[in-house]
Amino acid sequence: MYLVKTPAFIQNLFPNFTWRIPTQEKVIYLTFDDGPIPEVTPWVMEQLAAFNAKATFFCVGDNVRKHSDIFRQLIAAGHSVGNHTFNHLNGWATDKLSYFHNIRHCAELVDSDLFRPPYGRLKPSQAQFLQRHYRIVMWDVLSGDFDPNISEEQCYHNIVQKAEPGSIIVLHDSLKAEKKLRAVLPRVLKFYQEQGFRFEALNTKRLTETRKSFQTA
């Protein structure tokens, strides 16, 4: 069970997390979790390049270790990267010390102050500590590309029917999501480009501005 669109009340409960970028500009923030892997990530980069699109990749440290050449290509292409733990740990099922050490292990390979918890699951005590060191980036649209129970068409509509200016959208450059991603990503890029949108990568400056806007709202 998951929510395609993160309700406003949940976003308001955790104002120190980044859920979307408040803006009226036609800009979308695509994010990709769980890579990099050779079977999917290079193809994603090719699709993004075809639309002059930048994105943010929340990388699993062990995948960066195994595929450091692809990770370097992400950086060289102008995409931003974030920490997604070293072993894709579920925060709810992991004690604090083990969780923090795993994130630190990933940080040895992924130089970024952006962090996304796998499955979006963090204990309050984990979040409190991590916020001292990272910008915790969540999402307001979850594509469902990982879900074997929905069709490629439903995955596509999850995005184009729910996303709006400033939306942070979750996709996955993983084997589990590959089939849907290959069907959906080119269509999403084409749809929004035709609507006059651009695709940007998340960065610390943008997220700092976002936090300030929430605090003064």
Residue hits (segment 15-53; touching a residue at least 40 places away in the same chain (Cβ under 8 Å) and among the small types (Gly, Ala, Ser)) are 35, 50, 53
Within segment 63-103, how many residues are among the hydrophobic types (A, V, I, L, M, F, W, C) and in contact with a strand residue (DSSP E or B) (Cβ under 8 Å, 6 or more places away or on another chain)?
5
Which residue is farthest from residue 59 (Cα to Cα), if the candidates are limited to segment 159-173 and must be surrounded by fewer than 22 Cβ atoms within 10 Å (Cβ to Cβ) and out of contact with any Asp or Glu (no Cβ under 7 Å at 6 or more places or on another chain)?
161
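Let's see how each residue does on (1) within 18 Å of residue 40 (Cβ to Cβ); (2) assigned to a helix (DSSP H, G or I); (3) small (Gly, Ala, Ser):
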position: 153; (1), (2), (3): no, yes, no
position: 156; (1), (2), (3): yes, yes, no
position: 169; (1), (2), (3): yes, no, no
position: 174; (1), (2), (3): yes, no, yes
position: 179; (1), (2), (3): yes, yes, no
position: 187; (1), (2), (3): yes, yes, no
position: 191; (1), (2), (3): no, yes, no
Taking the options 119, 134, name whichever one is over 22 Å from residue 78 (Cα atoms) and either within 19 Å of the chain's Cα centre (by Cα) or at pLDDT 95 or above (or both).
119
Does residue 145 count as in a loop (DSSP other than H, G, I, E, B), touching a strand residue (DSSP E or B) at 6+ places or on another chain (Cβ under 6 Å), among the acidic types (Asp, Glu) and closer than 19 Å to residue 34 by Cα?
yes
Note on segment 90-108: residues within 18 Å of the chain's Cα centre (by Cα) and surrounded by fewer than 18 Cβ atoms within 10 Å (Cβ to Cβ) are 90
May I ask you to list pairs of residues, at least six apart or on different chains, whose Cβ atoms are under 7 Å apart, with the first in segment 102-121 being within 21 Å of residue 172 (Cβ to Cβ) and the second being part of a loop (DSSP other than H, G, I, E, B) and among the polar types (S, T, N, Q)?
102/85; 102/87; 103/85; 106/85; 118/85; 118/90; 119/90; 121/90
Residue hits (segment 21-44; surrounded by 22 or more Cβ atoms within 10 Å (Cβ to Cβ) and not in a loop (DSSP other than H, G, I, E, B)) are 28, 29, 30, 31, 32, 33, 41, 44
Mind listing just one residue for me: the one in segment 121-142 that is assigned to a loop (DSSP other than H, G, I, E, B) and touching a strand residue (DSSP E or B) at 6+ places or on another chain (Cβ under 6 Å) and, of those, surrounded by the fewest Cβ atoms within 10 Å (Cβ to Cβ)?
134
Scan segment 54-71 and report the pairs whose first residue is in contact (Cβ under 8 Å) with a residue 60 or more places away in the chain and whose second residue is in a strand (DSSP E or B) and of a type in the set (Ser, Thr, Tyr), with Cβ atoms within less than 7 Å and a gap of 6+ or a chain change.
55/31; 56/29; 56/31; 56/80; 58/31
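Results for (1) under 29 Å from residue 184 (Cα atoms); (2) assigned to a loop (DSSP other than H, G, I, E, B), shown as yes or no for each residue.
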position	(1), (2)
48	yes, no
64	yes, no
72	yes, no
82	yes, no
88	yes, yes
98	no, no
103	no, no
109	no, yes
Just one of the numbered conditions (1) modelled with pLDDT under 95; (2) touching an Asp or Glu at 6+ places or on another chain (Cβ under 9 Å) is not true of residue 14; which one?
(2)
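The values are calculated or read from the model by the stated rules, or taken from the named source; none is laboratory data. Keep in mind that what you see is a predicted model, and the values were worked out from it rather than measured. Here the Cβ is made from the backbone with ideal geometry for all residues, glycine too, and neighbour counts use every protein chain on show.
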